[in-house]
Amino acid sequence: MTQYLLAVHHAEGTPYASDEDMHQAFADTDAFNREIIADGSWVFGGGLTEPSDATVVDATRAEPVVTDGPFAETKEQLGGFWVVEAPDLDAALEIARRGSAACRQPVEVRPFQSE
Amino acid sequence: MTDLASVFRAEHGRVVAGLARRFGDLDLAEDATGEALLVAAERWPTEGVPPNPGGWLTTVAAHKALDRIRREKRRQDKYAEAVMLTADTPPEPTGPVEDDRLRLVFTCCHPALAPENRVALTLRLLGGLTVAEIAAAFLVPETTMAQRITRSKHKIKVTGIPYRIPSAEDLPARLGAVLAVLYLIFNEGYLGSSGQAQRSELTAEAIRLARQLREMVTGTPSLGRLPEVDGLLALMLLIESRSRARVSDGTLVPLDEQDRTLWDAAMIDEGHRLVRACLALNRPGPYQVQAAINAVHTDALDASMTDWRQVVALFDQLLVLSPSPVVALNRAVAVAEVDGPDVALGLVEPLELTSYHAWHATRADLLRRLRRYDEASAAYDRAIELAGSEEERSFLLGRRDALPRG
């Protein structure tokens with residue numbers, strides 16, 4: 001079994017067709033979470049607050065620097081993620097497909113290093 | 001190609017696939033296969049080619065792989081794993097044996113890999129071409145091609161792309177990706193996007209791989225009949241059958257002006273047989289229909305005998321199966337023969353293909369036939385600018401310069 005990061009990318013603007021669709025997306029995501037908890041794939045997951053709530057800490061130099069805002073000023077930001085366990089990439093991609101359909105966002109799949 | 005080289009190419013995929021299944025490591029499988037080929041190159045010329053070269057190579061390569069695992073002490077844990085795997089490997093089933101190569105095909109053509117990487121991996125691991133040969137065929141530096149292959153194998157390993165024949169549910173889409181890779185290889189050889197009109201080593205390799213795929217699929221009854229596999233092989237054969245007539249004195253010769261006695265009759269026969277057999281299943285797909293269109297052309301003893309109504313009807317079907325502006329453009333070419341160039345031009349103008357040389361070349365030809373020579377000349381100019389190969393450019397220049405003045 002390999003652990004995979006399923007990163008949810010939020011593009012600028014809303015992915016939802018309507019408020020109703022947004023509420024449906026939340027409900028679908030909750031249902032998806034319960035499914036992958038039940039079938040044992042779930043390791044961890046959750047949604048993040050706004051990118052503007054982020055703080056970057058850089059301690060690579062003598063004096064650590066703390067700055068406001070996300071690390072990269074890009075149009076797409078990490079909106080949330082799952083960590084799941086799957087036997088192979090095909091299984092991970094299938095979980096990601098269901099997650100992406102539920103939350104209405106593209107999902108990037110990356111394995112964790114094995115050691 | 002020497003006999004030895006052709007045996008190596010024919011067996012490469014089978015040996016790598018078997019080792020990949022046994023050791024679960026593509027790199028190891030490829031390297032051990034390479035070592036076994038070296039041993040064979042040394043022994044076969046004097047001892048003769050063994051009756052089952054694939055089995056011989058697999059045995060030698062498996063020993064090489066085990067040797068390497070043993071030698072590399074740092075990979076001690078892997079040795080334990082491999083021994084376990086070997087011990088756990090069930091005896092070969094007595095029923096229909098699933099071809100290991102099929103698993104490898106689906107791994108090399110996995111949708112998580114970029115299309116150009118699928119092409120490179122397929123040619124290297126299944127086709128047994130060297131990195132240098134693949135690099136030369138695609139006109140990229142050898143280091144670039146080597147990196148592409150190394151990165152892809154790395155991705156397969158760390159992300160856990162499985163060696164598996166996809167489930168029945170995923171099979172159509174995944175098979176589509178495999179067929180697309182083979183057709184990409186073929187087209188790279190045929191269309192020569194990178195300068196030369198025809199690179200027969202790539203078209204021949206694509207045909208060989210399609211034949212292998214067909215053999216694997218028919219040898220795996222659980223997959224059922226997959227007529228698109230036959231359709232693709234037929235399509236490639238029928239296009240390739242005309243290759244000798246397609247270029248003359250460095251200039252592309254259009255279909256209606258080709259010397260049909262130069263067409264390869266054996267390839268046409270085989271292509272026609274495949275088209276008839278797969279169409280009889282009545283599960284048409286884009287490759288089958290394109291093959292059928294080509295069969296209408298290769299069926300005509302001379303261009304004037306072409307059944308253009310049939311061609312248009314097949315393009316109608318193709319537009320439903322895989323709608324695209326390029327298909328619409330090719331359909332318009334056939335419509336010109338049935339309903340005249342003015343009707344065809346009306347179909348061509350609205351297509352959004354202004355950066356595609358064939359769109360300009362088609363427009364130019366239709367305008368020429370409508371005697372709108374100034375517009376035709378301008379369209380030829382654009383087509384010449386955008387043309388992919390020297391042979392095509394030479395043909396278009398000839399056409400443009402032959403336009404009546406004024």
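Computed from the coordinates by the stated procedures, all read-outs in this text should not be read as laboratory data. Predicted, not measured: the structure shown is a model, and the values here were computed from it. Cβ placement follows ideal geometry from the backbone for every residue including glycine, while neighbour counts extend to all protein chains displayed.
Taking B:314, B:66, B:57 as the candidate residues, the one with maximal mean-square fluctuation in a Gaussian network model of chain B, Cα springs under 10 Å, is B:66.
Rounded, prolate or oblate: which fits the stretch B:15-68 when a ≥ b ≥ c are the square roots of the eigenvalues of the alpha-carbon gyration tensor, with rounded for a/c under 1.5 and prolate only if a/b beats b/c? Prolate is the answer for the stretch B:15-68, as a/c is 1.5 or above and a/b outweighs b/c.
If only the Cβ of Lys and Arg carry +1 and only the Cβ of Asp and Glu carry -1, the dipole of the stretch B:324-406 around its Cα centre is close to 220 debye.
Only DSSP H runs of four or more residues enter the estimate; each adds -39500 (n - 2.57), and after division by the residues of chain B the mean residue ellipticity at 222 nm equals -22000 deg cm²/dmol.
Electrostatic tally near residue B:3: other residues with Cβ closer than 13 Å to its Cβ, Lys and Arg +1, Asp and Glu -1, net 0. As a calculated quantity, the FRET efficiency between residue B:70 and residue A:94 at R0 = 41 Å, using C-beta atoms, amounts to about 0.65. Taking the Cα centre of chain B as origin and assigning +1 to Lys and Arg Cβ atoms and -1 to Asp and Glu Cβ atoms, the resulting dipole is close to 1040 debye.
Free of any GluC sites (Glu not before Pro) that DSSP assigns to a loop and that have at most 14 other C-beta atoms within 10 Å, the longest stretch within chain B is B:170-351.
With a cut-off of 14 Å on the backbone N, the residues of the stretch B:301-326 near the modelled label site 7 Å out from residue B:338 along Cα-Cβ are B:306-320.
Hydrodynamic analysis of the protein assembly as shown uses the Kirkwood radius over alpha carbon pairs. Inserted into Stokes-Einstein at 37 °C and 0.692 mPa s, it gives a translational diffusion coefficient of 122 µm²/s. Positive-end ranking of B:114, B:49, B:212 along the dipole of chain B, with charges on Cβ about the Cα centre, is headed by B:114. With contacts taken as Cα pairs under 8 Å and at least 6 residues apart, chain B reaches a relative contact order of 11 percent. Counting every C-alpha pair in the stretch B:359-402, the share spaced more than 11 angstrom apart comes to 56%. Return the whole-Å distance between the Cα centroid of the stretch B:316-350 and the Cα centroid of the stretch B:200-259. Computed from Cα coordinates, the inter-centre distance equals 24 Å. Computed from the Cβ-Cβ distance with R0 of 45 Å, the FRET efficiency linking residue B:4 to residue B:225 stands at 0.80. With Cβ to Cβ distances under 10 Å as the rule, what net charge do the other residues near residue A:2 carry (K, R +1; D, E -1)? Residues close to residue A:2 contribute a combined charge of -2. Test of understanding: in a Gaussian network model of chain B with alpha carbons linked when under 10 Å, which of B:166, B:50, B:115 would top the mean-square fluctuation ranking? Fluctuation is largest for B:50. Only one residue of A:29, A:89, A:66 has its Cα farthest out toward the positive end of the dipole of chain A, where Lys and Arg carry +1 and Asp and Glu -1 on Cβ, and that residue is A:89.
Based on the Cβ-Cβ distance from residue B:140 to residue B:354, what FRET efficiency comes out when R0 is 30 Å, to the nearest 0.05?
Computed FRET efficiency for residue B:140 and residue B:354: 0.60.
Pairs of alpha carbons in the stretch A:2-111 separated by more than 18 Å make up 55% of all such pairs.
In this simple spin-label model, placing a label point 7 Å from the Cα along the Cα-to-Cβ direction at both residue B:170 and residue B:266 gives a separation of 4.0 nm. The shape of the stretch B:334-390 can be summarised by an equivalent ellipsoid whose semi-axes, obtained from the alpha carbon gyration tensor, come to 19, 13, 9 Å from longest to shortest. If a spin label sat at a point 7 angstrom from the Cα of residue A:21 along the line to its beta carbon, the backbone N atoms of the stretch A:92-115 nearer than 12 Å would be those of A:104-105.
Counting Lys and Arg as +1 and Asp and Glu as -1 over every other residue whose Cβ lies under 9 Å from the Cβ of residue B:65, the net charge comes to -1.
Here the protein assembly as shown is treated with +1 on each Lys and Arg Cβ and -1 on each Asp and Glu Cβ, and its dipole about the Cα centre works out to around 1220 debye.
Note on the stretch B:189-309: percent of Cα-Cα distances in each 10 Å bin, starting at 0 and stopping at the bin with the largest distance, equals 13, 41, 33, 11, 1.
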